[in-house]
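Student: My questions will all concern the structure given below.
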Amino acid sequence: MFRMLLCLWIVAVSASDLDRSADDALIEELQSLMGQEQWWPKGGNAKLPRKTWERWKQCQQPGFPSLLRDNRTRTSVRAAHVKVMEWLVRHHRDHPRRKQLADSIGQRLVHLGLVTHPYQWAEVLNEQLSSFPVLDPHTDPIPWPGVAKALQWLETNYTLLLSAFHGAAKHHRFREHPEGLHLTGLWETAYISRERCNRKSYPEVCHLLEVIDEIWPKVDEAEAMEAVLEARFARLHPGTAVVEHTADTNQRIKIHCGIENPSNVTMFIGHAQVCWQPGRCYLVDDSYAHHISSEDSDQPRTILELKVAHPDLVWADYLDEEDGTLVPKRSGGRSEL
Ligand SMILES: *[C@@H]1O[C@H](CO)[C@@H](O)[C@H](O)[C@H]1NC(C)=O
Ligand SMILES: *[C@@H]1O[C@H](CO)[C@@H](O)[C@H](O)[C@H]1NC(C)=O
Ligand SMILES: *[C@@H]1O[C@H](CO)[C@@H](O)[C@H](O)[C@H]1NC(C)=O
């Protein structure tokens, strides 16, 4: 019953040829922006090799969408779009037509049948997994009992999380976010669990993560995969702009729990938004484009962020996170999760 509901939720993808002249106009406009890049105090530069445009031109060939059958090709064509998107949103962030251009790139992926939602521009997109930008357990039904329970346990144990955060701040465990996604300001993380949980510094949080791991939807004992893949605090300081971005895959999603957010700093994700409240937790699929900005006058915002396996992987296929090819079920590939 449950499984049926989830399957119905997945929208069938239909593809059609691109409109040649409209697409030429899009490519031309994007290319006209080359050489006019905006540079930022922080983060790397998004590069746009010639190869990427060649891949883009190929997509115009009549009948091209029908060639997009195998997952390796689908992944690589999505990747060519993600590259252009990353270059556009980083280096032309303040361009008056940035939003329209980003929408056109997203719609191009929809036309090609590579995504169902123009904002979900992740490379390795597992199309069997149910999809939502944000689920708030206080307003949305959570269709997996183990996930609902995990969110509830995190919320009822808020004081424990808060004191773990105070410990991390007091002992200077925060480091600047390494991925170069913030253009200005300061975005920091303090890891609780990476390869393994830091029991010495966070004994109680580690215990909580263990019980969450146990109740998270699992395939079966033999194929048990870890549910909680990573846990960290993330603190966004005043005057920080995190550029629009997506995760590389929707096979790992996030739980965000508000620790402190006195200025109501808000994340925009897909068509939704999250204004983290202390002691409240949200399920976030960060394969949807998202961005955050805080004002100079805002106070820091801190959340607990868990990276978790998508609960639908209990029944769905699993894709290789490098090239998007199908990992045979009983090969042990899932243990890599
Ligand atoms: C491609 O991936 C989808 C999941 O996104 C899966 O359902 C399908 O079987 C895969 N196709 C092939 C040919 O491996
Ligand atoms: C805290 O988490 C535990 C699981 O570790 C759970 O049993 C308990 O109900 C939660 N809430 C409180 C208030 O302890
Ligand atoms: C932040 O949002 C909460 C909940 O909506 C509200 O009660 C509070 O007044 C807001 N705070 C500020 C500073 O806007």
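Student: Specify the longest stretch of the chain that does not include any exposed loop site, a site being one of the trypsin sites (Lys or Arg not before Pro) with a non-H, G, I, E, B DSSP assignment and at most 15 other Cβ atoms within 10 Å. Intermediate values should be presented prior to the final figure.
Tutor: Details: sites that count: Lys47, Arg69, Arg93, Arg97, Arg194, Arg196, Arg199, Lys200.
Answer from the scan: 201-337.
Student: A follow-up question, please. Taking square-rooted eigenvalues a ≥ b ≥ c of the alpha carbon gyration tensor, is the chain rounded, prolate or oblate, where a/c under 1.5 means rounded and, failing that, a/b exceeding b/c means prolate? If you can, show how the numbers build up before the last one.
Tutor: Working: a/c = 2.04, a/b = 1.28, b/c = 1.60.
In terms of gyration-tensor shape, oblate.
Student: Now a separate question. Based on alpha-carbon centroids, what's the gap between region 157-213 and region 65-115 in Å, whole number please?
Tutor: If we compute the Cα centre of each part, the gap is 33 Å.
Student: R0 = 35 Å: FRET efficiency of Asn264 with Trp39, Cβ-based, nearest 0.05?
Tutor: 0.70
Student: Right, next: Give me the percent relative contact order of the chain, please, defined on Cα pairs under 8 angstrom at least 6 residues apart. Walk me through the numbers before you get to the answer.
Tutor: Values: 620 pairs, mean separation 68.4, N = 337.
The normalised contact order for the chain reaches 20 percent.
Student: For a label point 7 angstrom out from the Cα of Arg194 toward its Cβ, which stretches of region 148-171 have the backbone nitrogen within less than 17 Å?
Tutor: Residues 168-169 qualify, since their backbone N sits under 17 Å from the label point.
Student: Same structure, new question: Points 7 angstrom from Cα along the Cβ direction at Ala169 and Lys57: gap in nanometres?
Tutor: Each label point is offset 7 Å from its Cα along the Cβ direction, giving 5.5 nm.
Student: Of the options Gln273, Ala289, Asn250, report the single residue whose Cα projects farthest towards the positive end of the charge dipole of region 250-307 (beta-carbon charges: Lys, Arg +1; Asp, Glu -1).
Tutor: Among Gln273, Ala289, Asn250, the one farthest towards the positive end of the dipole of region 250-307 is Asn250.
Student: Please give the length that would be gained between His207 and Leu229 if that part of the chain were fully extended, namely 0.36 nm times their separation in residues minus their C-alpha to C-alpha distance (nm, one decimal). Can you show the working numbers first?
Tutor: Values: separation 22, 0.36 × 22 = 7.92 nm, distance 1.45 nm.
That pair, His207 and Leu229, stretches by 6.5 nm at full extension.
Student: What is the set of long-range amide H partners of Trp276 at a cut-off below 5 Å, with H atoms built 1.01 Å from backbone N?
Tutor: Met267
Student: Let me ask something else about it. Please give the length that would be gained between Asp94 and Glu176 if that part of the chain were fully extended, namely 0.36 nm times their separation in residues minus their C-alpha to C-alpha distance (nm, one decimal).
Tutor: Values: separation 82, 0.36 × 82 = 29.52 nm, distance 2.47 nm.
Contour length minus the Cα-Cα distance gives 27.1 nm.
Student: Give me the orientation-averaged projected area of the Cα convex hull of region 222-273, in nm², one decimal.
Tutor: On the way: hull surface 21.1 nm².
So the Cα hull casts an average projection of 5.3 nm².
Student: Sequence neighbours fewer than 8 away in the same chain don't count; with that in mind, list the aspartates and glutamates whose C-alpha is under 18 Å from Lys57.
Tutor: The qualifying aspartates and glutamates are Asp17, Asp19, Asp23, Asp24, Glu28, Glu29.
Student: Could you pull out the pairs from Lys170/Lys307; Lys51/Lys99; Lys42/Lys99; Lys47/Lys170 whose alpha carbons sit more than 28 Å apart here?
Tutor: Values: Lys170/Lys307 24 Å; Lys51/Lys99 24 Å; Lys42/Lys99 22 Å; Lys47/Lys170 39 Å.
Correct reply: Lys47/Lys170.
Student: By how many nm would the segment from Thr116 to Ser21 grow when fully extended, if each residue of separation counts as 0.36 nm and the alpha-carbon distance is taken off?
Tutor: Values: separation 95, 0.36 × 95 = 34.20 nm, distance 2.31 nm.
Computed gain between Thr116 and Ser21 is 31.9 nm.
Student: Follow-up question, since we're still on this one. Work out Dmax and Rg for region 13-111 from the C-alpha atoms and quote the Rg first, both in angstrom.
Tutor: 13.8, 44
Student: Note down the magnitude of the dipole of the chain about its Cα centre, charges +1 on Lys and Arg C-beta and -1 on Asp and Glu C-beta and zero elsewhere, to the nearest 20 debye.
Tutor: Working: 38 positive and 46 negative charges, 91 e Å.
Once rounded to the nearest 20, the dipole reads 440 debye.
Student: Shifting gears a bit: Along the Cα-to-Cβ line of His291, 7 Å from the Cα, sits a label point; which residues in region 177-213 have backbone N less than 15 Å from it?
Tutor: Hits in region 177-213 for His291 at 15 Å: 181-185.
Student: Something else: Go ahead and run the numbers for FRET between Ser66 and Ala148, Cβ-Cβ distance against an R0 of 51 Å, rounding to 0.05.
Tutor: On the way: r = 41 Å, r/R0 = 0.80.
Once rounded, the FRET efficiency stands at 0.80.
Read-outs: derived from the displayed coordinates by stated rules, not from any lab. Because the structure is predicted, anything quoted here is derived from the model rather than measured. Cβ atoms come from the backbone with ideal geometry, glycine included; neighbour counts cover every protein chain shown.
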